[in-house]
Amino acid sequence: MKIIAVASLKGGVGKTTLAVNLALNQSVKTLAVDFDPQSSMTDFFLRNIDPAVIEKGNAWHFLIERKEFSECVYSNLFTDTLPAVPALHMVGFEMASDPSALLRLHKEFSSLPYEAV
């Protein structure tokens, strides 16, 4: 599995645009993961899903509350998406108390049925 991260501390540099285009241009089964509290990629891929539904299962729930992946991912015409919510701005504080969080996240992503994340 390929895991491609698009990250920068600076805003307005095209991270979301690049991530959306990478997700759309994969010729393999792809999961688009939105960890940005601004939720622009979520809005792009899941515009037709009621925000109240997304509030019940999203990246926050997957990372912090350890909900099942199937409860937090949504499919659309282009790709599957793990959506973001504004509460993600606090995820760093939550995960700081769990030193193995990043290793667990990599392990969980590696076990998913996708060829690219």
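Quick notes on this structure:
- Out of F44, F93, F109, F78, one residue alone is open to solvent by less than 50 Å² (accessible area, probe 1.4 Å), more than 17 Å from A7 (Cα to Cα) and not acidic (D, E). It is F109.
- Failed criterion for S39 (all others in (1) surrounded by fewer than 17 Cβ atoms within 10 Å (Cβ to Cβ); (2) among the polar types (S, T, N, Q); (3) at positive phi hold): (1)
- Top-ranked residue of the range 44-54 - restricted to ones that are part of a helix (DSSP H, G or I) and β-branched (V, I, T), ranked as farthest from V73 (Cα to Cα): V53
- Of the listed requirements (1) within 14 Å of the chain's Cα centre (by Cα); (2) at negative phi, A52 misses just one: (1).
- With respect to (1) under 23 Å from V28 (Cα atoms); (2) open to solvent by less than 90 Å² (accessible area, probe 1.4 Å); (3) without any contact (Cβ under 8 Å) to a residue 24 or more places away in the chain; (4) not aliphatic (A, V, I, L, M), the lone exception for K67 is condition (1).
The values are calculated or read from the model by the stated rules, or taken from the named source; none is laboratory data. From a predicted model like this one, the values you see are computed outputs, not experimental measurements. Cβ: placed from backbone, ideal geometry, glycine included. Neighbour counts: every protein chain shown. To get the accessible areas, we keep the full protein, side chains included, count just its heavy atoms, and leave off ligands, DNA and RNA. Shrake-Rupley method; radii C 1.70, N 1.55, O 1.52, S 1.80 Å.
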